[in-house]
Structures are given as structure tokens and as C-alpha cells.
Amino acid sequence: MELKDLRDEVKRLFKEIFSSGVPPHIGKLEGATHSIGAAACPDGTDNVAFYAIVENDVVEDITYECGNCDPYMFVAADSIVKLSKGKTLDEISKISAEDVLNFINCPDEILYNHTTEALKILKKMLVLDQQGESR
């Protein structure tokens, strides 16, 4: 995949997230069996939390929250949760940033970096919870 500077496309995707009021994928998830929050950028500007309900190793529902996030992180997190819902933990462990960008058809270089960091957080949550170390 050739990465490009697609700021206008990222802006469009960001506006789309909020186009019909409160997005269904944003916010704490009542009854979440898995959760994690972490800084998604080295400078600590983007903080992302994921919440999931996992039953029989399948993500039945998943949401996210962003704190101090730029549009890139919102688009990354929103796309990741849409792609993850209904998938098994094994399937999610194999999702790459490239898969997410292909899913939304937006091979933006900055978005790729944000997606990579958000995926690390999500996968850490799922791995830790499988080992019974967080919740």
C-alpha cells in the first residue's frame, strides 16, 4: 500500500463519525468485560480507551473514548471498533494498520501511524484480559 497525505479525506471521515449526533461507538460500554486506556502517542496528546464485551472469544460489542485526540485518532479508533465487532480474538490479533486503512479506503500516512498505535492498545487489552491480568 502506498501511503499518501490525505488530510481532506481524513477530515471527511472525521465529520462522518459525528454527522448524525452521538456516534454509537463512542463512550464507555456498560457491562464491558474488557477495558484499557493508554496514551497512544509518545507525546501523550492522544489518549484512547477501548471497552469490549467478549463472549466465547468473540467481540460482541466494542466502543472507544478519546481524550485530547486529533481527528486522525478518532478515525483510527472508530474504524478499528467497526472492523473488530463480531470478530474472534484470534482474528483481531491479526488485524494490521493496513487492513484498517483498506477497510476505510484511506491510505493516509499520519492515519497509518495513529492506527498502528491504537491497535497496539486494543490488542494489549485483549491479550491481558485473556491472561486474567486486567479489567
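Tabulated data for the structure shown
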| read-out | value |
| --- | --- |
| Residue selected from segment 61-88 under the condition in contact with a Phe, Trp or Tyr (Cβ under 6 Å, 6 or more places away or on another chain) and farther than 23 Å from Thr33 by Cβ, by the criterion surrounded by the most Cβ atoms within 10 Å (Cβ to Cβ) | Val75 |
| Looking only at segment 44-60, and only at residues there that are touching an Asp or Glu at 6+ places or on another chain (Cβ under 9 Å) and of a type in the set (Asp, Glu), the one that is surrounded by the fewest Cβ atoms within 10 Å (Cβ to Cβ) | Asp57 |
| Pairs with Cβ under 7 Å, 6+ apart, first in segment 29-46 and more than 12 Å from Leu126 (Cα to Cα) and modelled with pLDDT under 85, second among the β-branched types (Val, Ile, Thr) and surrounded by 17 or more Cβ atoms within 10 Å (Cβ to Cβ) | Ala40/Val48; Ala40/Ile121 |
| Conditions (1) more than 17 Å from Leu89 (Cβ to Cβ); (2) of a type in the set (A, V, I, L, M); (3) touching a residue at least 40 places away in the same chain (Cβ under 8 Å); number of the one not met by Ala49 | (3) |
| Some residue of segment 88-111 being without any contact (Cβ under 8 Å) to a residue 12 or more places away in the chain and not charged (D, E, K, R) | yes |
| Scope segment 95-119; condition out of contact with any helix residue (DSSP H, G or I) (no Cβ under 9 Å at 6 or more places or on another chain) and at pLDDT 95 or above; matching residues | Asn102 |
| Neighbours by Cβ (under 7 Å, 6+ apart or cross-chain): first from segment 119-135, under 16 Å from Asp90 (Cβ atoms) and among the polar types (S, T, N, Q); second modelled with pLDDT of 90 or more and surrounded by 13 or more Cβ atoms within 10 Å (Cβ to Cβ) | Gln130/Leu89 |
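The values are calculated or read from the model by the stated rules, or taken from the named source; none is laboratory data. In this text, all values refer to a predicted model and were calculated from it rather than measured experimentally. All Cβ positions, even for glycine, are placed from backbone atoms using ideal geometry, and neighbour counts span all protein chains on display.
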